[in-house]
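The numbers here are math on the coordinates, done by the rules we state, and not lab data. Predicted model only: the values in this text are computed from it and were never measured. Using ideal geometry, Cβ is built from the backbone for each residue, glycine included, and neighbour counts are taken over all protein chains shown.
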Amino acid sequence: MTAIGSVPITAGPTVPIAVIDNATLSVIPGQRWQVVLYLDNNSGTPINPVIECRFTNSGNVVQTTTANLPAVSGGQRVGLTIYGPATTLFVDRADCRLLSPA
């Protein structure tokens with residue numbers, strides 16, 4: 001996880017505490033599938049996010065990966081990579097969601 005910058009503190013009734021942005025599936029040839037994504041902490045307090053990514057092939061789950069991140073400071077944007085299955089398994093999509101904070 002790498003700190004990228006800051007985001008406005010806007011969490012409230014219509015804005016979630018944290019959001020995932022720009023999740024991009026790619027492959028490391030001969031190694032693993034990966035998702036590169038950004039996480040924005042819209043609140044003014046630190047959070048310990050848990051992210052789940054489901055790597056699928058034609059809608060069938062190939063692997064589910066859960067990432068327990070270290071504390072993300074309030075108003076901080078971080079970038080991270082979540083690794084999936086080996087490239088010997090075909091993946092055509094990865095869906096990531098916040099399990100906590102939800």
Candidates per chymotrypsin sites (Phe, Trp or Tyr not before Pro) in the chain, loop by DSSP, up to 13 other Cβ within 10 Å:
PHE90
How do the peptides 59-72, 2-15 rank, highest first, by the average count of neighbouring beta carbon atoms within 10 Å per residue?
59-72, 2-15
What Kirkwood radius, in Å to one decimal, follows from the Cα pairs of the chain?
14.1 Å
Can you tell me the length gained on complete extension of the stretch PHE90 to GLN31, counting 0.36 nm per residue apart and subtracting the Cα distance?
20.0 nm
The answer for SER100, listing residues at least 5 apart or on another chain whose modeled amide H is closer than 5 Å to its amide H, is VAL50
Give me the net charge for the shell around ASN41: Cβ to Cβ below 15 angstrom, other residues only, Lys and Arg +1, Asp and Glu -1.
-1
